[in-house]
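Asks: One structure follows; several queries about it will come next.
The values are calculated or read from the model by the stated rules, or taken from the named source; none is laboratory data. Computed from a predicted structure; not experimentally measured. Cβ atoms come from the backbone with ideal geometry, glycine included; neighbour counts cover every protein chain shown. Note: areas computed on protein heavy atoms with side chains; ligands, DNA, RNA excluded. Shrake-Rupley method; radii C 1.70, N 1.55, O 1.52, S 1.80 Å.
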Amino acid sequence: MRDIEKEYQIAKEQYAEIGVDVDKALERMNDLRISLHCWQADDVIGFMNCDALSGGIQTTGNYPGKARNIKELRQDLEEVLSILPGNYNVNLHAIYLDTDEKVDLDEIEPRHFAGWVDWARKNNVGLDFNPTCFSHPMVRDGFTLSSPDKATRDFWIKHCKKSRKIAEYFGKELGITCCTNFWVPDGMKDIPYDRLAYRARLKDSLDQIFEEKIDPRYDIDCVESKVFGIGVESYTPGSNEFYFGYATANQIGLTLDSGHYHPTEYISDKISSASLYVPHILLHVSRPVRWDSDHVVIFDDELNEIARSLVRNDIIKMTSVGLDYFDASINRISAYVVGVKSTLKAFLRAFLEPVEQLKKIEEEGNYTDRMFITERLKTMNFGAIFDYYCWKQGKPVGLEALDEIHRYEKEILSKRG
Ligand code: RNT
Ligand code: ZN
């Protein structure tokens, strides 16, 4: 039998030797509120009778057990939340509305999401929101807010405005700020002739969407850039420069998705810059593989660097940590658990650094000690501390979580058609 508490005590002494207070690090884990994306459970399909995902994003795989309706989706999210330690928001897309009414995206109202508010209260989570500007017939030739066609732009402007009102409603009802993310799939497969006109229209549409001021206690709006997508390889109006400029000029939030840049660019090195210019940062923690492929987040170097960026720069408060990936080739509950646990581990590990000491060493130009201590940190036993963190919250530790995932698959997922 493992003695989790004893292992924890040993690791704690190790950390004390390099000047880290482990109990304080664990307390700081409470500052985190991860935004759990609802769309891993059903491969980004939603409940608006859409049969295929479009807009340059794709899921591959047909692992059995995907959530087919709102009941199953909530059941899965509850299962995920039951396995994980920590605090959460659940991140909804507009297509996950809860209603029998036949409404189109430009007609959605808070009442169509009242069921989610009840559910969130019951499950002790906040809610985040996204207008869904894809997988819909009004995406005209691949364009929404930047379309040359005014009727198309107006439809999506209306949808985005309605979305902000739903976000405000979530924030008011739950007393937890709703972070709303605006991402549009607009772009061109081949080389555009006029790069400016689409951007000018996108800017004008956004100006209309954000015209109404909403109390940031309820809703914080963030805009998400992307360098390219499937079918829009040559040009996206909503590039990094476009949205970095837009968010800075208009003082709204900036979303940084780890899969949305050139392969040698990392969002971990963008976070600190953004923190100087925009009021809020929303992370879409994802994992690109060669291109924007939204793989399940794992405990890799970039994830650790992202967490360090927030912790070392002390900017957790101005940041929402959202996950954004969708893998249909493995058990979807496991995909959630691995992604979230990896993220939690990365943050815990970042909290277990002697931050002030290392900053001082660096400023003194003492790069010898900087290298030595940061290398030493890499093999410290933070795993024992993480297990203790899960155990203390009454959550499954290590492979126990996998046993639970297998049980759920056998009893629930395998019975879905
Ligand atoms: C797409 C963007 C966007 C979506 C979600 C579903 O490339 O990352 O955030 O993944 O809105
Ligand atoms: Zn994203």
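Asks: Would you mind telling me which numbered condition in (1) surrounded by fewer than 20 Cβ atoms within 10 Å (Cβ to Cβ); (2) of a type in the set (S, T, N, Q); (3) at pLDDT 95 or above N49 fails?
Replies: Failed condition: (3).
Asks: S334 - would you say it is open to solvent by 20 Å² or more (accessible area, probe 1.4 Å) and touching a Leu at 6+ places or on another chain (Cβ under 9 Å)?
Replies: On the way: open to solvent by 20 Å² or more (accessible area, probe 1.4 Å): yes; touching a Leu at 6+ places or on another chain (Cβ under 9 Å): yes.
The answer is yes for S334.
Asks: Out of the helices (runs of 4 or more DSSP H) lying entirely within region 319-381, which hold 3 or more residues that are free of Cβ contacts under 8 Å to residues at least 40 places away in the same chain? If you could, list the steps in order and put the result at the bottom.
Replies: Working: elements: 332-351, 355-363, 367-378.
Answer list for region 319-381: 355-363, 367-378.
Asks: Collect the residues in region 127-163 that are under 22 Å from the mean Cα position of the chain (by Cα) and within 16 Å of ligand 1 (Cβ to nearest atom), keeping them in residue-number order.
Replies: If the condition is that a residue be under 22 Å from the mean Cα position of the chain (by Cα) and within 16 Å of ligand 1 (Cβ to nearest atom), then L127, D128, F129, N130, P131, T132, C133, F134, S135, H159, C160, S163 are the ones that fit.
Asks: Let me ask something else about it. Could you list, in sequence order, the residues of region 110-124 that are within 24 Å of the chain's Cα centre (by Cα) and open to solvent by 10 Å² or more (accessible area, probe 1.4 Å)?
Replies: Here is the first cut: in region 110-124, the residues within 24 Å of the chain's Cα centre (by Cα) are 110, 112-124.
Across region 110-124, the qualifying residues are P110, A114, G115, D118, W119, R121, K122, N123, N124.
Asks: Which pairs have Cβ atoms under 6 Å, sit 6 or more apart or on different chains, and link a residue in region 86-114 that is closer than 30 Å to G394 by Cα to one that is polar (S, T, N, Q) and modelled with pLDDT of 95 or more?
Replies: Qualifying pairs under 6 Å: N89/S35; N91/S35.
Asks: Please work out which residue is surrounded by the fewest Cβ atoms within 10 Å (Cβ to Cβ), limiting yourself to region 125-164 and to residues that are among the small types (G, A, S) and under 24 Å from A52 (Cα atoms).
Replies: Step one: filter region 125-164 for residues among the small types (G, A, S), giving 126, 135, 142, 146-147, 151, 163.
Now restrict to residues that are under 24 Å from A52 (Cα atoms): 135, 142, 146-147, 151, 163.
Details: S135: 20, G142: 19, S146: 26, S147: 24, A151: 9, S163: 25.
Across region 125-164, the extreme among qualifying residues is A151.
Asks: Considering only residues that are in contact with a Pro (Cβ under 6 Å, 6 or more places away or on another chain) and within 16 Å of ligand 2 (Cβ to nearest atom), which ones fall in region 15-60? Don't jump to the end; show me each part of the working.
Replies: The initial filter retains those residues of region 15-60 that are in contact with a Pro (Cβ under 6 Å, 6 or more places away or on another chain), namely 18-20, 55-56.
Selection gives G55, G56.
Asks: Take the conditions outside any loop (DSSP other than H, G, I, E, B), more than 18 Å from T180 (Cβ to Cβ) and open to solvent by 20 Å² or more (accessible area, probe 1.4 Å) and apply them to R68. Does it pass?
Replies: Numbers: outside any loop (DSSP other than H, G, I, E, B): no; more than 18 Å from T180 (Cβ to Cβ): yes; open to solvent by 20 Å² or more (accessible area, probe 1.4 Å): yes.
Against the criterion (outside any loop (DSSP other than H, G, I, E, B), more than 18 Å from T180 (Cβ to Cβ) and open to solvent by 20 Å² or more (accessible area, probe 1.4 Å)), R68 does not qualify.
Asks: Related question: Give region 260-290 a look and list any residue that's under 19 Å from G56 (Cα atoms) and touching a residue at least 40 places away in the same chain (Cβ under 8 Å), or say none. So that I can check it myself, show each step before the final result.
Replies: Of the residues in region 260-290, the ones under 19 Å from G56 (Cα atoms) are 260-263, 284-290.
Hits for region 260-290 are H284, V285.
Asks: Also, quick follow-up: Among (1) of a type in the set (D, E, K, R); (2) closer than 15 Å to D324 by Cα; (3) away from ligand 1 (no atom under 16 Å from the Cβ), where does E72 come up short?
Replies: Looking at each condition in turn, E72 falls short on (2).
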